[in-house]
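As C-alpha cells, the structure follows; a few thoughts come after it.
Every number here is computed from the coordinates shown, using simple stated rules; none is lab data. Note that the structure is predicted; figures quoted are calculated from it, not measured. Every residue, glycine as well, gets a Cβ built from its backbone with ideal geometry; the counts of neighbours run over all protein chains shown.
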Amino acid sequence: MGLATAAVALAVMAALGGCSSGDSEDGASPKPNASTGTGTGPATSAPSGTATDASGTPSPGQSAGQSPDPGTGTTGPAPQPAPSTSAPAPGASPPGADETLVAVTRSGGISGKTSTLIIKGDGSFLRLNAKAETVDHDKLSAAALAKLRTALQEADFPRLPRISMPKEPVFDAFTYAFRHGGYEVAAAQTALPRPLEGVLGALPAFEPR
C-alpha cells in the first residue's frame, strides 16, 4: 500500500462529498432638488430668515455650494457625504445541524472493505459502504459529539500533511481519508499523524454492531 492507495481514498472521499446530504430603472439622471434653487419652475419666495431673495440668487456674503442653516438662518458649507466603508468579512462559523462536520473513509485491512462515516453538526451520522449506499444511521450523545469537536479542533487540519504514508508499505493496514472544514487529508494506519489518532478515537465504529 502506498501513494496510489491514498489517492484512491481521497478520490472516494471526493465522490462521497455530494452524498451528504442601486441604479434607476430608466437610467435618467436624478431631478434637481427644488431646495437648491436651480429648478426651472417659477421662482418662489424664500422662507423668512433665509439668505436668498425671491429669484433664488444667493444674497451677498453667501458663496456657491453653501446652504442656509435651518436653525440660525446663516449659511455654512454644504454637508459632504460620509466615505463609504466595506463591511468586515464574516468570521468562520461552525457547521449547522444539517451540514457535515466530518467525513472519514476507511479502506484496506485484511478484508479490503471500504466504509465511510458522515457525521453532521447535530451529531447524527450515516454509515456508507463502498458504493456510497447507506448501511445504517445513528446519533452521537452530547458528550461524544463534544469530544469529537474538541479532537477536530486540536487536530488543526490546515497544518496537517495532505498524505502521510510509511516508507515501507504494510499491505493489511487501513488507509484513512478525512474531510473536515474544507480540507482533505489521507494517512496510512502505520503513519497516522498523532492529532488524527484523537479524531479516530472520537469516531463511532465504522461497522454497525
Taking the simple approach of a point 7 Å from Cα along Cα-to-Cβ for both Asp138 and Glu154, what is their distance in nm?
-> 2.2
For the stretch 92-172, alpha-carbon Rg over 2.2 N^0.38 Å = 1.27
Under Karplus coefficients 6.51, -1.76 and 1.60, residue-wise ³J(HN,Hα) of the stretch 185-195 in Hz, glycine/proline x = 9, 10, 8, 6, 4, 8, 10, 5, x, 4, x
15 Å beta-carbon shell around His137, net charge (K/R +1, D/E -1) = -2
